[in-house]
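Taking it in order: structure first as structure tokens, then the write-up.
Quick note: the coordinates plus some simple rules give every number you see, no bench work behind them. Predicted model only: the values in this text are computed from it and were never measured. When we count neighbours, we look across all protein chains shown, and the Cβ atoms used for this are built from the backbone with ideal geometry, even at glycine.
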Amino acid sequence: MRIQDVLAHKRDGLELTDAELAHFVQAVASGEASMEQVGAFLMASYINGMTKREKVSFTKYMMHSGTVLEWQELLPDSHHLVVDKHSTGGVGDKMSIPLAPALAACGLKVPMIAGRGLGHTGGTIDKLESIPGYVAALPPEVMQKVVAKDHCVIASQSAQMIPADKTFYAVRDVTSTVSSLPLITGSIVSKKAAEGLSALILDIKVGKAAFMKTIADAEALAMSMIETAEGLGIKTRAMLSWMENPIGDKVGNALEIEESIDILNGGGPEDAIEITALLGAHLLEMTGLASSIAEGEQLIRDSFNDGRAMEAFKVMLDNHHVEPSVVESLCAEPTKVLPQATHQTHLTAQTTGFIHAIDGMAVALLGLKMKAGRAKVGDVIDPAVGLELIKRPGDAIKQGEAWCIVHHNDPLDPSWEEMQAQFLEIVDQKPHLPSRIIKVLQA
């Protein structure tokens, strides 16, 4: 079989066979396929799409291009409890950090592979690496042993896992094929499937500060990922949630660790807790550890309030090589351990009234300007910078009153476009604020 023949079939809109997809993905993983051939495949897939069968097969061969975690020998009686979540990302989206230990405290096994951010916010690994000594790069065999014994890890992707995706991902960016649903689906689901999951919950963000701007687009992505993951034998649901206002009170890498610790200690903002608890509730219900979503949500909340999630978090940090003294200090007084910005500047309201909305994208772009995220691959993140909300949507505010604190190391320039944004939408009457949760989708 020749790579050129596979490309010709895809170019002409034909449905590729399993053998053709297996051959091409393996050629990409081994380096046999040239970058020109990878680009041609991506563009043909972008234009012609993929059938459901093609998506499942493409994702399966991506997953098997490297190491796949296996659980039946390590967890002969509980391999069905191996679960994870994936979020399409958002401003203040720190849900993975309290969720993984909460799930572990409730009896589930979580081999979470997370990423670094490229764009207006840092990724989960960037946030965790603001903790002194946190080692994200755990080899697959170590991940398996840790999860079997202590229930959860949050690790970076190993070079041994899904090597084909690294090539596809890099070439998608330079060929303007990033937005292809089949290619997004294959990239995300192959990473999660390589963890050997039984159940997966997807958090698909919708709105101005999200990748998916409309509910219709978010539903299309959700159903594409659901049907592909289900085709690989993973029970999967997707929760659509609004990403207009920032989630929680803190945006920035170390700041979001502070807020995650607050949640794990039984505190924290309700909107962040609600999303975290509902994501966990679906996994508990799908695996039979909760009889209903309501029971599952209560189990997650109880794990925060009774300290079990925090204990699981401490064990997780130890398995990621954080020194015991750092763990104890971090979980008691995080500001004594985490990087702190040298300056704090208050931003104030221009009018009096009630806050109807806070522009999450404007908040994120100001954070990006201060290096809370990466504008391009290779940019170095400043873990200490970010924004802390003093006021939330629904709160009354007076002209000249502060609504947030900017944590920064370099001076803020009032002439920056990012500083001139209309961050606040202020109205005369106290607004009704709907839940962030839009709907839950399943096969």
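Can you pull the percent of Cα pairs in the chain with separation above 32 Å? Please report the intermediate quantities before stating the final value.
On the way: 37264 of 97903 pairs.
Every Cα pair in the chain considered, those over 32 Å come to 38 percent.
Which of Q37, Q157, Q429 moves most in a GNM of the chain, Cα contacts under 10 Å?
Taking springs between Cα atoms under 10 Å, the residue moving most is Q429.
Taking just the alpha carbons, could you work out the radius of gyration and Dmax for region 306-359, both in angstroms?
Rg then Dmax for region 306-359, in Å: 18.2, 50.
For region 6-13, in order, what is each residue's ³J(HN,Hα) by Karplus, 6.51 cos²θ - 1.76 cosθ + 1.60 with θ = phi - 60°, in whole Hz (x at glycine and Pro)?
Taking θ as phi minus 60°, the curve returns 4, 5, 5, 5, 5, 4, 8, x Hz for region 6-13.
Under the definition of Cα pairs under 8 Å and six or more residues apart, what whole-number percent is the relative contact order of region 41-184?
Dividing the mean separation by the residue count of region 41-184 yields 35 percent.
So how far apart, in nm, are the two label points at D150 and V135 if each is 7 Å from Cα heading toward Cβ?
Distance between the two pseudo-spin positions: 1.1 nm.
Can you list residues from other chains, or at least 5 along the same chain, whose modelled amide H is less than 5 Å from the amide H of G66?
Amide H neighbours of G66, under 5 Å, 5+ apart: I162.
Would you mind checking the pairs K94/K430; K213/K235; K398/K430; K145/K336 and listing those with alpha carbons more than 24 angstrom apart?
From K94/K430; K213/K235; K398/K430; K145/K336, over 24 Å: K94/K430; K213/K235; K145/K336.
Under the rule of at least 5 residues apart or a separate chain, name every residue whose amide H is placed under 5 Å from the amide H of A290.
E285
Identify the trypsin sites (Lys or Arg not before Pro) of region 309-411 meeting these criteria: DSSP loop state and at most 11 other C-beta atoms within 10 Å of the C-beta.
Details: sites: K314, K336, K369, K371, R374, K376, K391, K398; in loops: K371, K376, K391, K398.
Answer in residue order: K376, K398.
For a quick check: with amide H placed at 1.01 Å from N, whose amide H comes under 5 Å from V82's, ignoring anything fewer than 5 positions away on the same chain?
K109, S198
By its C-alpha gyration tensor, with a ≥ b ≥ c as the square roots of the eigenvalues, how is region 79-332 shaped: rounded for a/c under 1.5, else prolate for a/b larger than b/c, else oblate?
Working: a/c = 1.31, a/b = 1.26, b/c = 1.04.
Verdict is rounded for region 79-332.
Quick one: what are the phi-derived ³J(HN,Hα) couplings along region 377-392, Karplus 6.51/-1.76/1.60 with θ = phi - 60°, whole Hz, x for glycine and proline?
For region 377-392, the Karplus curve yields 4, x, 4, 8, 7, 9, x, 7, 8, x, 10, 10, 7, 8, 10, 10 Hz.
Note down the Stokes-Einstein diffusion coefficient of region 48-112 in µm²/s, whole number, using a Kirkwood radius over alpha carbon pairs, 4 °C, and 1.567 mPa s. Walk me through the numbers on the way to the answer.
Values: Rh = 14.6 Å.
For these conditions, the coefficient is 89 µm²/s.
I need the fraction of alpha carbon pairs in region 115-175 separated by more than 13 Å, rounded to a whole percent. Working shown, then result.
Details: 1282 of 1830 pairs.
Tail of P(r) above 13 Å: 70 percent of Cα pairs.
Return the distance in nm (one decimal) between the two label points of a simple spin-label model at E270 and S78, each offset 7 Å from Cα along Cα→Cβ.
Each label point is offset 7 Å from its Cα along the Cβ direction, giving 3.4 nm.
With a cut-off of 8 Å between alpha carbons and a minimum separation of six or more residues, what is the relative contact order of region 79-332 in percent?
It rounds to 28 percent for region 79-332.
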